[in-house]
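The structure appears right after this line, and notes come after that.
The values are calculated or read from the model by the stated rules, or taken from the named source; none is laboratory data. All values reported here derive from a predicted model rather than from experimental measurement. Here the Cβ positions follow ideal geometry from the backbone for every residue, glycine too, while neighbour counts run over all protein chains shown.
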Amino acid sequence: MSTAYYYRFLTLMVSFLRRVGASDNANTYAARAEAVRARFNRTFWNAAGWYAGPGDGDFRQTNNLLAVSFGLAEGERRSAVLQSLERDLRARDMHLDTGMVGTRQLLRVLARHLPRLAFEVVRAPGYPGWSHWIGNGATTLYENWELDGRSHDHAMFGSIDEWLFADVAGLSPGADGWSVVRLDPRLPGDGAFACRASLDTISGPIDVEWEDRGPWIRGRVTVPNHVSVVVPGGAGVERGRRSVRRGRLTEHTIELAVPSAP
């Protein structure tokens, strides 16, 4: 875990330095990051097809989620880790086996690589998981999966909020200050799902609705007139868009092809 985060800090430094034009320093940190990535793979990759630290024994979700999320696992190794992750989740009846560190990465990784599986994890009844809280009357985030935790207003397992907005609703900034809204929804693709999300950003209010219609997603996003809307190439094919200005807001009606989700 520590080595994975060291690599993450190095890659963040590279992005910061390149942003401010310090290319020589950025190249120094990039070389160090690559050396750490290579050593991480030599040290922790095992013949079973996943990453394990000393004494780990069986598959550990957190170690492998960090490797995928931070870009340490690529190509065939990433595919092998994802297959092992799915097997482990299914063996646990879709219950997560992650603590504070790994839970933050779980839905993020699943949304990008196994989006239908993310919905299965979130919807899985019983302990531990978010549905366990809801099934016992929770309307806020608890500190622990157990129901007797000290705090019932805690952010520790709040990554589900990020998943709902950034992955399910597909909302993320495409430029500084939300002057561009990037739309990349990750729906289950079963033709029976709908969602709506609203955000108050520095550029003004953003409202989006999606309806899953099987091979196509129909959406409506409303943004301030000075804010543009883009759909990244990997999100699916945009079949059509109709835009109508309503006072200070512009309403875009969009249809996207649903990516073939694993």
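I'd like to know if the range 235-249 contains one or more residues that are under 14 Å from Pro173 (Cβ atoms) and either free of Cβ contacts under 8 Å to residues at least 60 places away in the same chain or in the same structural domain as Leu110 (by TED's automatic domain parsing) (or both). Working first, answer last.
Within the range 235-249, the first condition is being under 14 Å from Pro173 (Cβ atoms), and the residues that meet it are none.
Scanning the range 235-249, I find no residue that is under 14 Å from Pro173 (Cβ atoms) and either free of Cβ contacts under 8 Å to residues at least 60 places away in the same chain or in the same structural domain as Leu110 (by TED's automatic domain parsing) (or both), so the answer is no.
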**Message:** I need the full set of residues from the range 1-21 which are loosely packed, with under 12 Cβ neighbours inside 10 Å and either assigned by TED's automatic domain parsing to the domain that holds Arg60 or not in a helix (DSSP H, G or I) (or both), in order please.
**Reply:** Val20, Gly21
**Asked** Can Arg87 be described as more than 29 Å from Ala155 (Cβ to Cβ) and outside the structural domain of Phe193 (by TED's automatic domain parsing)?
**Response** yes
**Prompt:** Do any residues in the range 22-49 that are in a helix (DSSP H, G or I) have Cβ atoms under 6 Å from those of residues that are among the polar types (S, T, N, Q), where the two are at least six apart or on different chains, and which pairs are they?
**Reply:** Ala33/Thr11; Phe40/Thr3
**Item:** Subset of the range 47-58 that is surrounded by fewer than 20 Cβ atoms within 10 Å (Cβ to Cβ) and hydrophobic (A, V, I, L, M, F, W, C) - its residue that is nearest to the chain's Cα centre (by Cα)
**Value:** Ala52
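What number of residues within the range 117-133 satisfy the criterion of being part of a helix (DSSP H, G or I), farther than 24 Å from Gly75 by Cα, hydrophobic (A, V, I, L, M, F, W, C) and in contact (Cβ under 8 Å) with a residue 24 or more places away in the chain?
Counting residues in the range 117-133 that are part of a helix (DSSP H, G or I), farther than 24 Å from Gly75 by Cα, hydrophobic (A, V, I, L, M, F, W, C) and in contact (Cβ under 8 Å) with a residue 24 or more places away in the chain gives 4.
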**Item:** Residue identified as under 19 Å from Leu107 (Cα atoms), crowded, with 20+ Cβ neighbours inside 10 Å and out of contact with any Lys or Arg (no Cβ under 9 Å at 6 or more places or on another chain) among Asp184, Asp161
**Value:** Asp184
**Whichever residue in the range 128-137 is loosely packed, with under 14 Cβ neighbours inside 10 Å and of a type outside the set (Val, Ile, Thr) and, among such residues, is farthest from Arg92 (Cα to Cα)** = Gly137
**Request:** Keeping to the range 67-116, report how many residues are farther than 23 Å from Leu187 by Cα, in contact (Cβ under 8 Å) with a residue 40 or more places away in the chain and not in a loop (DSSP other than H, G, I, E, B).
**Result:** 3
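Of the residues Leu141, Leu89, only one is modelled with pLDDT of 95 or more and of a type in the set (A, V, I, L, M, F, W, C); which? Outline the logic, then answer.
Numbers: Leu141 fails: modelled with pLDDT of 95 or more.
Just a single option satisfies the conditions, and that option is Leu89.
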